[in-house]
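This report refers to the structure that appears directly beneath it.
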Amino acid sequence: MALNHTSKLFALFILAVFVLVPDVAFAAADAAKEAGEALVGAPKPTRADYPMIGGLNARTLAWGFAQMHLFLAAFVLAVPMFSIVMEYIGHLTKDERYDSMAHEFMKITMSAYSLTALFGGTLALTLFLFYPHLMGYLMKVFRGQFLIYALLFLLESVTLYIYYYSWNALRYGNRKWFHMSIGLVLNTVGLSLMFIANAWATFMMSPSGVDPATGAVIGTVWEATRNPLWNPVNLHRFIANIAYGGAIVGGYAAYMFLAEKRAEVKAHYDWMGYTSNFIAIAGFLPLPFAGYWLMAEIYAYSQQMGITAMGGILAWLFIIQAVLIGTIMLAANYYLWCGLMRTDRGAQYAKYVKYIAVVIVGGFLVWVTPHSLILTTDEIRLLGGTHHKFLGPLGIMPAKNTAVNLMLVFTFLSLQMFYRSSRVPTVSWAKAGNMVIIALYIIGCTNIVFAGLYGYITPTVYKVGASVPQVVSTLSIIVFSVIIDIFMLRGAKSEKVHWGRMSERSQYALFVLPVAFTWLMGLMGYIRSSLRTHWHVYTVMKDQSPDAYIPTIGQAGNTITVITLSFMAIMVFVFWLSRLGSTSQVKPS
Amino acid sequence: MSKILSNKWLVLILALGVWAAYFHTMDWMLMEAQGLPVQMSLMPR
Amino acid sequence: MTFARVMIFSLFTLLAFTGFANLVPQVQGDPPVEEKIDVGSIDMAGMVLLGEKLFSGKGTCTLCHNDMGRAPDLLGIDLAKEFPERIADKSYEGIAKGKTGPKAIEEYIMESLVDPSKYVVPGYGKKGSNDKISPMPKADTAPIELSKVEMNAVTAFLQDKAGISPTVPLPSADEAPKATGNDEDEENEPATTGVAAITKYGCATCHDLEGSEADIGPKLNGLAKRMTDAKILEAIVKPNVVIAKGFEADMMPDDFGEQMRFSELNLIVEYLKKLPE
């Protein structure tokens, strides 16, 4: 038996060596290249070099497949992440409900997994077919990494299947720990996959490890991987995936809640919907901060790219983004407010809801008001087409930052109120503690407003800097309230929560979330790609294809809607499949 | 101490002061770390 | 029933987003169009005009050089005073050091374009570089890629702004080999019919088209019978791959793939296929 294990380990080791070999071999080839031969630059295809196949629009195809793959992959990567956390909570609290729910989440994921792979394959095929020069160049830059990716994918499949199918076999005691370890491996592999794919995408935006003049490969694979935008995108996508996964399973739970008649099953799905919404908000709250970082890094990498993003044509995009984010926040808050009714104590908080609503709607309005956006279509034309003369929206960014930070704070307040609604503090200093938290909110919000004013009157260069204290204020409020709450709610009396005591209408908020998230992700994908303007690989390889232009927001919006609809259709199919699996025919008598 | 804690309004005023000090220090440090003009007059020129 | 309600609700949400995206101003971001310079006839006034265009267009200068404090507001400040002052600055170590007059200013501007970090105006350096490194990209490299002539034009424009008559050289023929018409806005309007495209690219000069009876290139009548779409396309963009009997290679320009828009190529192919036998 022991020998068997050793031989297996050895086999794994050999496998690892093989995975690394292509990279080692290519590195050796590089050394030879450095010794003598001239370096070959990035390819410069002409328009005629782009294959045209049956009148298909290459970019729209690649766009669609890439986005579908991304949607599915984000979902498939995210669910195991919070499944394992839930599994752990279930193990700690000995509450079987968590474990069953994590299992149910995984069941949905399993049906989506093969579709993810299918779309990934189709995407790769499309890219190699329509953009052979670009793909050839990327292969040259990333070399053996493509093989590592393929192998990791294999490993992902293996661990995912084992993790899911061993669930009931490894459910209690020490075996549970073993099962969670498998989940950990699964998540590690999944994240590595995402990080590698991110490296390719960010290399195209901010190439490194190549000669800036010619694009000739002069660095190692690692240097190309570790390009300036890699880590900001890694973090942003990691957090967004969690929010996204939560939103999608929330939609599933909401549907099941509406479709069910039996009270105890309804209660289960109400609880599942609540948990999913919690995950979605928890992932969503830090997201703007990761966004700030990404944007700051884009500016640091290239002022020009930063301004392309925030000014001119794409500026309107951030208005649309604001509407989407506002919609998400309102929906999430609305769901929390409805949830207050689940406890008798919650009703006493309900009277504050209207004030929170005022702040959130007000913040939302400030955010979407485009009055200081000076550019109209004609003005942009007048100013020279693709290039942007004014920093337009940056001028009013402080106002928008203030609005979004206040919205975040008040969304958190909703969450905190909801959390409190089922717990009655018993510590002696409860009243004093509440006052400390109230003071924290008052001062924190004042600080956000003042930093906003400061940002408003300082020169542009300082505006971004002034947003940092705002972000830290928001985080401070959240972190300190959580800390105080933890101590204050120690040994708190739990109020009876009537799961399932939810209006039908509240469930629709849970449908808004996945729809808005999906569409928003599509929109952000469009802007990320548009930042490269007419370059395949920014500053290194020009895009000479007929589609080297940035589509209008309307065109992009229509495309994203079609993609979102296809994704929704697929998810309906996936949900149906996972339900089909647990349905059995009654044996005819 | 417990006397102070028992009067919630007193606690509120104290807490307001403490948090104000905290946020002010944080602002100051963050601004200075970024090389921003912390002492700039808040009045528009 | 629940399913239908949920789907209709989701669709409605989605349509609201889509509608909003279609309501905002719609602008398509085309890749920069190469400025065509008529080297034969452009005079200094033309150079200044071109420079002004480049300044807000391809050069993307106004992205930062505006009144928002990111970089010196070149259109707002008094350049006649600024340029000499900067050259005379103690910390200036560039090519125009110690010189005066219009030529020195030309050298100073040109140097700022290709090597912005050579001298950084106090207060505008990269954060933390103590005004030693400029945040400005080099104008002659990607992604801006101004040509020598274009940088001269920008320099001429800035000299003109400073009240000096520009001292830059006028472009000579070999600096802009592809130069054609002056009115590039007219020139770059894509053709919308096959005939217009044929006229635009002068096909009838060599081929017998539209009754031109030219015989420098092969007759194209009945092309649809002889060649597939792809072959016709290939013959336009890579004319030297297959040479018709009795004609020589390298007669037809091989850069139509660069010049034509994709829509125009398609129009020409459609047009050629419809030619009678």
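Do you know which residues across segment C:1-15 are among the hydrophobic types (A, V, I, L, M, F, W, C) and either at the interface with chain A (Cβ under 7 Å from one of its Cβ atoms) or surrounded by fewer than 13 Cβ atoms within 10 Å (Cβ to Cβ) (or both)?
Within segment C:1-15, C:MET1, C:PHE3, C:ALA4, C:VAL6, C:ILE8, C:PHE9, C:PHE12, C:LEU14, C:LEU15 meet the criteria.
For A:PHE567, work out the one condition from (1) surrounded by fewer than 22 Cβ atoms within 10 Å (Cβ to Cβ); (2) more than 7 Å from chain C (Cβ to nearest Cβ) it doesn't fulfil.
It fails just one condition, (1).
Only one residue in A:THR411, A:THR402 is within 22 Å of the chain's Cα centre (by Cα) and at pLDDT 80 or above. Which one?
Every option except A:THR411 fails the conditions.
Does C:GLU270 meet the test of being more than 14 Å from chain A (Cβ to nearest Cβ), at pLDDT 75 or above and surrounded by fewer than 19 Cβ atoms within 10 Å (Cβ to Cβ)?
no
How about segment A:559-576: which of its residues are among the aliphatic types (A, V, I, L, M) and either over 15 Å from C:PHE3 (Cβ atoms) or in contact (Cβ under 8 Å) with a residue 40 or more places away in the chain (or both)?
Selection gives A:ILE560, A:VAL562, A:ILE563, A:LEU565, A:MET568, A:ILE570, A:MET571, A:VAL574.
Take the residues in segment A:420-445 that are more than 8 Å from chain B (Cβ to nearest Cβ) and within 34 Å of the chain's Cα centre (by Cα), then tell me which one is farthest from A:GLY339 (Cα to Cα).
Out of the qualifying residues, it is A:CYS445.
Can C:ALA88 be described as free of Cβ contacts under 8 Å to residues at least 60 places away in the same chain and loosely packed, with under 15 Cβ neighbours inside 10 Å?
Yes: the conditions hold for C:ALA88.
All but one of (1) within 12 Å of another protein chain (Cβ to nearest Cβ); (2) farther than 20 Å from A:ALA332 by Cα hold for A:SER494; which doesn't?
So A:SER494 meets the others, but not (1).
Say whether the condition of being modelled with pLDDT of 90 or more, touching a Phe, Trp or Tyr at 6+ places or on another chain (Cβ under 7 Å), part of a helix (DSSP H, G or I) and not charged (D, E, K, R) is met by at least one residue in segment A:295-313.
Looking for residues that are modelled with pLDDT of 90 or more, touching a Phe, Trp or Tyr at 6+ places or on another chain (Cβ under 7 Å), part of a helix (DSSP H, G or I) and not charged (D, E, K, R), one finds none in segment A:295-313, hence no.
When you go through A:ARG501, A:ARG579 one by one, which is the residue that is over 23 Å from A:PHE412 (Cα atoms), more than 11 Å from chain C (Cβ to nearest Cβ) and surrounded by fewer than 22 Cβ atoms within 10 Å (Cβ to Cβ)?
One residue alone meets the criteria, A:ARG579.
Any idea which residue in segment A:322-353 is surrounded by the fewest Cβ atoms within 10 Å (Cβ to Cβ), counting only those that are among the charged types (D, E, K, R) and assigned to a helix (DSSP H, G or I)?
Looking at the filtered set, the residue picked out is A:LYS351.
Output the residue which, of all residues in segment A:340-365 that are β-branched (Val, Ile, Thr) and under 13 Å from A:SER414 (Cα atoms), is nearest to the chain's Cα centre (by Cα).
Checking each candidate, the answer is A:ILE360.
Checking A:PHE257 against (1) in a loop (DSSP other than H, G, I, E, B); (2) over 23 Å from the mean Cα position of the chain (by Cα): exactly one of these is not met. Which one?
Single failed check for A:PHE257: (1).
Just checking, how many residues over segment A:120-163 are part of a loop (DSSP other than H, G, I, E, B) and either over 18 Å from A:VAL537 (Cα atoms) or aliphatic (A, V, I, L, M) (or both)?
1
Could you pull out the residue among A:LEU415, A:LEU489 that is touching a strand residue (DSSP E or B) at 6+ places or on another chain (Cβ under 9 Å) and surrounded by 19 or more Cβ atoms within 10 Å (Cβ to Cβ)?
Criteria check complete, one pass: A:LEU489.
Hey, B:LEU12 hits all of (1) closer than 24 Å to C:LYS126 by Cβ; (2) facing chain A (nearest Cβ under 7 Å); (3) modelled with pLDDT of 75 or more but one; which does it fall short on?
(1)
For segment C:40-89, how many residues are farther than 30 Å from A:MET305 by Cβ, modelled with pLDDT of 85 or more and either out of contact with any helix residue (DSSP H, G or I) (no Cβ under 9 Å at 6 or more places or on another chain) or of a type in the set (Ser, Thr, Tyr) (or both)?
Number of matching residues: 5.
Out of the residues in segment C:112-137 that are buried (at least 17 other Cβ atoms within 10 Å of the Cβ) and free of Cβ contacts under 8 Å to residues at least 40 places away in the same chain, which is nearest to the chain's Cα centre (by Cα)?
Top of the filtered list is C:PRO137.
Could you tell me whether segment A:519-532 includes any residue that is within 30 Å of A:SER545 (Cα to Cα), outside any helix (DSSP H, G or I) and within 12 Å of chain C (Cβ to nearest Cβ)?
yes
Being touching a residue at least 40 places away in the same chain (Cβ under 8 Å) and surrounded by 12 or more Cβ atoms within 10 Å (Cβ to Cβ) is the filter; apply it to segment C:220-246 and report the residue that is nearest to the other protein chains (Cβ to nearest Cβ).
Top of the filtered list is C:ASP229.
(1) away from chain C (no Cβ under 11 Å); (2) more than 28 Å from the chain's Cα centre (by Cα): which one isn't true of A:HIS536, the others all being true?
Among (1) away from chain C (no Cβ under 11 Å); (2) more than 28 Å from the chain's Cα centre (by Cα), the lone unmet condition for A:HIS536 is (2).
The values are calculated or read from the model by the stated rules, or taken from the named source; none is laboratory data. In this text the structure is predicted, and so the values were computed from the model without any measurement. Neighbour counts are summed over all protein chains in view; Cβ atoms, including those assigned to glycine, are modelled from backbone coordinates with ideal geometry.
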